[in-house]
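Structure first, then comments.
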Amino acid sequence: DFKKTAYALALEHLEFWRQKRVFTETAIARMQEVEFASELIILSMSGMQDKKKSIDDFYERYDEEFEDSRLVSKRFRSVIDEINSLNIDLGGTEFRRTPLFYSLFAAIYDRMYALAAGSLSTKVTGKLTATDREGLENAVQTLSEVVTEAKAKSGEPIPKRYERFVTACLRQTDNLAPRRVRMETIYRDRKSTRLNSSHTDIS
């Protein structure tokens with residue numbers, strides 16, 4: 001049942017993956033979008049996870065019955081809709097890469113519904129405000145530029161403010177700790193607004 005839900009959501013958003021350049025046609029042929037949808041479902045149910053340790057466990061646990069399928073699917077769609085509504089060319093940023101997309105999804109889900117584990121949100125409304133979206137747009141653009149520059153100037157010093165974020169984007173990207181760093185940085189690095197988090201400063 002869990003796999004069926006992941007497959008259905010991945011298929012439903014096939015055009016989204018293509019438009020945002022999250023997956024190539026080759027990746028889609030290999031059903032990588034289904035695996036990624038599984039990761040996002042797990043994120044929404046249990047918070048951020050280490051990819052290597054979580055997917056098989058959830059597949060097995062909910063193989064015969066997945067009672068939360070309807071609620072999970074509804075929230076998944078809502079978060080994707082919010083990402084789609086951002087006034088940015090996501091496909092032209094580093095956030096089209098699945099590790100960064102995962103963290104963006106996590107930050108928005110947390111603001112809307114609060115993650116079951118590791119939540120940073122102090123205000124949950126079920127939807128984003130215009131100022132929320134503006135802050136996210138600024139964060140995505142800024143952080144994408146930081147990563148792009150770091151990749152282009154490999155070996156050169158990175159501004160201290162972004163050292164941990166860049167490392168989390170380029171190394172062991174599917175592990176829990178880097179995922180956490182990326183989400184925290186998205187919360188911190190909103191320019192004109194906040195997502196109503198009390199965790200706005202990261203050393």
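The values are calculated or read from the model by the stated rules, or taken from the named source; none is laboratory data. For clarity, every value in this text was computed on a predicted model and none was experimentally measured. Don't worry about glycine lacking a Cβ; one is built from the backbone with ideal geometry, like all the others, and counts go over all protein chains shown. Each accessible area value is taken on the protein alone, full model and side chains, heavy atoms only, with ligands, DNA and RNA left out. Shrake-Rupley method; radii C 1.70, N 1.55, O 1.52, S 1.80 Å.
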Problem set entry | Failed item in (1) touching a strand residue (DSSP E or B) at 6+ places or on another chain (Cβ under 7 Å); (2) hydroxyl-bearing (S, T, Y); (3) open to solvent by 50 Å² or more (accessible area, probe 1.4 Å), with S121 passing the rest | (3)
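Restricting to segment 176-195, and then to whatever is part of a loop (DSSP other than H, G, I, E, B) and surrounded by fewer than 18 Cβ atoms within 10 Å (Cβ to Cβ), can you tell me which residue is modelled with the highest pLDDT? Steps first, please.
As a first pass, look at segment 176-195 and keep what is part of a loop (DSSP other than H, G, I, E, B): 189-195.
Next, only the ones that are surrounded by fewer than 18 Cβ atoms within 10 Å (Cβ to Cβ) stay: 191-194.
Values: K191: 52, S192: 42, T193: 43, R194: 46.
Restricting to residues being part of a loop (DSSP other than H, G, I, E, B) and surrounded by fewer than 18 Cβ atoms within 10 Å (Cβ to Cβ), the top hit is K191.
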For this session: From I83, I108, I88, grab the single residue that is surrounded by 15 or more Cβ atoms within 10 Å (Cβ to Cβ) and farther than 24 Å from K151 by Cβ.
Result: I108
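Quick grid of which residues meet (1) among the hydroxyl-bearing types (S, T, Y); (2) closer than 24 Å to R182 by Cα:
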| residue | (1), (2) |
| --- | --- |
| K4 | no, no |
| A8 | no, no |
| E12 | no, no |
| E15 | no, no |
| K20 | no, yes |
| A29 | no, no |
| S38 | yes, yes |
| I41 | no, yes |
| R61 | no, no |
Problem set entry | Filtered residues of segment 36-76 (kept if open to solvent by less than 50 Å² (accessible area, probe 1.4 Å) and without any contact (Cβ under 8 Å) to a residue 24 or more places away in the chain) | I42, S54, I55
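When segment 84-109 is examined, which residues are found to be in a helix (DSSP H, G or I), of a type in the set (A, V, I, L, M) and either touching a Gly at 6+ places or on another chain (Cβ under 6 Å) or in contact (Cβ under 8 Å) with a residue 40 or more places away in the chain (or both)? Quick ask: steps written out before the conclusion?
Step one: list which residues in segment 84-109 are in a helix (DSSP H, G or I), which gives 84-85, 90-92, 94-96, 98-109.
Narrowing further to those that are of a type in the set (A, V, I, L, M): 90, 100, 104, 106-108.
Matches in segment 84-109: L90, L100, L104, A106, A107.
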Exercise. Out of segment 5-22, which residues are touching a residue at least 60 places away in the same chain (Cβ under 8 Å), touching a Phe, Trp or Tyr at 6+ places or on another chain (Cβ under 9 Å) and over 13 Å from F76 (Cα atoms)?
Worked result: K20, V22
For this session: Quick one: count up the residues across segment 142-153 that are under 17 Å from the mean Cα position of the chain (by Cα) and buried (at least 18 other Cβ atoms within 10 Å of the Cβ).
Result: 3
For this session: Give the residues of segment 2-35 that are part of a helix (DSSP H, G or I), within 26 Å of K53 (Cα to Cα) and open to solvent by less than 30 Å² (accessible area, probe 1.4 Å), sorted by residue number.
Result: F2, T5, A6, L9, A10, W17, A27, I28, E33, V34
